[in-house]
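What follows is a single structure, written as structure tokens, with notes after it.
Read-outs throughout are calculated quantities, based only on the coordinates presented, and are distinct from any laboratory measurement. Computed from a predicted model, the values in this text were never measured in an experiment. In this analysis, Cβ positions are derived from the backbone assuming ideal geometry, glycine residues included, and neighbour counts consider all displayed protein chains.
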Amino acid sequence: MQKLAIALTAGLLLANAAQAAEYTQIQPQASKITFDYQQMGVGMQGVFKTFNGQLRFDPAHADKAQASLEVDLASVDVDSDEANDELATKTWFNTKSFPKARFESTSVKALPAAGQYEVAGKLTIKGQTHNVVVPARFSEQGGQGVFEGKLTIQRGAFSIGEGAWKAFDIVANDVVVNFKITAK
């Protein structure tokens, strides 16, 4: 009986070790960061084409996870060269003075539902930093880890849209940032 218990315990430990994986390398070509916003009541979408980051995530030890992500704000694409150029100006992203947006995690909390997490951290855009909590889903797909989620930010809190664009009558305050980050 004792040999059977030892064999079962060893089998469970080996099975758990085989399933444990730490994801550390973001795969930009398989990842995407987009955003949704309202302009004059019409839903619009944009994408950031260039970003990079660092990740350390083991699903068995989510509380020890760390993540940082930098987005090249000049890589924004809202499907119009004129609008892309406008977004780079001081009024919007001011990419000359603030070329990157940055997210740095401070904690990760596993939620009761499988694969669901809350990632707390600091989001910095245009020199202004705010604490945020990002809901995220994690799944393993083909030997890679896939993190998906969305976060609503208020552009006014980050001074995105100054001067005449500070009001929210033409471009709404809420911007929904959507992400799919794939890692090995």
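Table for the structure above
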quantity: Helix 2-19 axis, angle to the chain major axis (alpha carbon atoms, nearest 10°); calculated: 20
quantity: Whichever lysines have a C-alpha closer than 18 Å to that of Lys166, once near sequence neighbours (fewer than 8 apart) are set aside; calculated: Lys90, Lys126
quantity: Net charge of Cβ neighbours under 14 Å - reference Ile170; Lys, Arg +1; Asp, Glu -1; calculated: -2
quantity: Structure-based [θ]222 nm, the chain - -39500 (n - 2.57) summed over DSSP H runs of at least 4, per residue, nearest 500; calculated: -4500 deg cm²/dmol
quantity: Surrounding net charge for Ser68, when Lys and Arg each add one and Asp and Glu each subtract one, Cβ distance under 14 Å; calculated: +2
quantity: Listed residues Ala157, Gln66, Phe93: farthest to the positive end of the dipole of the chain (Cβ charges); calculated: Gln66
quantity: Test item: Cα-centred dipole of the chain, Lys/Arg +1 and Asp/Glu -1 on Cβ, debye; calculated: 640
quantity: Rounded to whole Hz, the Karplus (6.51, -1.76, 1.60) HN-Hα couplings of segment 85-95, x for glycine and proline; calculated: 5, 5, 5, 6, 6, 4, 4, 9, 8, 6, 5
quantity: Reachable lysines from Lys109, criterion Cα separation under 24 angstrom, eight or more residues apart if same chain; calculated: Lys32, Lys64, Lys122, Lys150, Lys180, Lys184
quantity: Net charge, Gly41 excluded, C-beta distance under 14 Å - Lys, Arg +1, Asp, Glu -1; calculated: -3
